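Read through the structure below, which is laid out as structure tokens, and then see the notes.
The values are calculated or read from the model by the stated rules, or taken from the named source; none is laboratory data. Here the structure is a predicted model, which means the values were calculated and not measured. Glycine also receives a Cβ, built like all others from the backbone with ideal geometry; neighbour counts cover every protein chain displayed. These area figures cover heavy atoms from the full protein model, side chains too; ligands, DNA and RNA do not enter into them. Shrake-Rupley method; radii C 1.70, N 1.55, O 1.52, S 1.80 Å.
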Amino acid sequence: MFLPLCLMTLAACNQTQKMEERAQQERDSLMQVIDEKETELNEIMGAINEVQEGFRQINEAEGRITVANRNPEAASSRQVIRDNMAFIQQAMQQNRERIAQLKERLKTTTVNVEKLTKTIQNLSSQLEEQNKHIQELEAQLAEKDIQIAEQGEQINALSEDVSNLQEDNKQKQETIEAQDKDLHTAWFVFGTKAELKEQKILQRGDVLKSNDFNKDYFTKIDTRIDKEIKLYSKSAEILTNHPAGSYTLAKDAKGQYVLNIIVPEKFWSASKYLVIQVK
């Protein structure tokens, strides 16, 4: 009698150790993903900062042209206008290339782009405003017969790139939100012993030991939001493995059990399925 008991205890310890090791591996993997996302986000934000610096330099060049345009007859003023229009053309081309590179980077990045999408929207607004300023400036110079480099085609192309970038960002955000939701999705079920057996969730005293159980019998939840599960029963037993200290199972005013998940990350670390037997 003593030997079988020791063997059972040893098997339980080994099972617990394996579960702890698996949970640690999942945590390590998650931390690696987080670090990679942070690095990618820093690189993308650096590219956006370069575009914004380009806009600042263009604004300064526009200011110099405005000052020179007050006396367009002077040769020095005409030279200032030509030099700064050439600079604006070059700066716009650089920003166009930077945004194209940023667009390509966003197609493969896995970072959470909620804040990044907002930043890019602001960037698009700056681009539209910059486009208006240059068009107004071109009109003013044309009225005074000042020859300037043609900017229209490049600006239109840049506007199209930004429009495509916004659409790509929208699709990327939808994809990341779906992935994030899947990461925080779990399933639970509670029922009598007979009900669980009928759905093949409980077989020969073992829970979820095979893959032929009825998955549609489970309720899907968001682990970030759903932290309380009312069981509507005065008898309840959790059959799946969930770390102690991550939840409480207590009765309400009616004497019926309610499961409160107080540390969701820890509670769902061992299994994304929760099975509770009630009477």
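A few points about this structure:
- Residue within region 132-140 that is modelled with pLDDT of 75 or more, under 29 Å from residue 86 (Cβ atoms), in a helix (DSSP H, G or I) and open to solvent by less than 30 Å² (accessible area, probe 1.4 Å) present: yes
- Per this entry, residue 120 is not counted among residues that are at pLDDT below 70 and open to solvent by less than 50 Å² (accessible area, probe 1.4 Å).
- Strands (runs of 3 or more DSSP E) enclosed by region 213-263 - at least 1 residues per element that are among the charged types (D, E, K, R) and under 33 Å from the mean Cα position of the chain (by Cα): 219-222, 228-230
- The condition of being open to solvent by 20 Å² or more (accessible area, probe 1.4 Å), assigned to a helix (DSSP H, G or I), within 30 Å of residue 219 (Cα to Cα) and at pLDDT 75 or above holds for residue 194.
- Residues of region 197-206 that turn out to be surrounded by fewer than 18 Cβ atoms within 10 Å (Cβ to Cβ) and part of a strand (DSSP E or B), as a count: 2
- Comparison of 186, 157 shows that the only residue that is closer than 30 Å to residue 228 by Cβ and either at pLDDT 70 or above or among the hydrophobic types (A, V, I, L, M, F, W, C) (or both) is 186.
- Within region 250-279, residues that are free of Cβ contacts under 8 Å to residues at least 12 places away in the same chain have Cβ atoms under 6 Å from residues that are in a strand (DSSP E or B) in no pair, counting only partners at least 6 apart in sequence or on another chain.
- Candidates 22, 82, 27, 70 - the one that is at pLDDT 75 or above and either open to solvent by 90 Å² or more (accessible area, probe 1.4 Å) or of a type outside the set (Ser, Thr, Tyr) (or both): 82
- Odd one out for residue 104, checked against (1) open to solvent by 60 Å² or more (accessible area, probe 1.4 Å); (2) modelled with pLDDT under 75; (3) among the charged types (D, E, K, R): (2)
- Subset of region 221-249 (residues that are open to solvent by 30 Å² or more (accessible area, probe 1.4 Å) and over 29 Å from residue 22 (Cα atoms)): 230, 232, 234, 235
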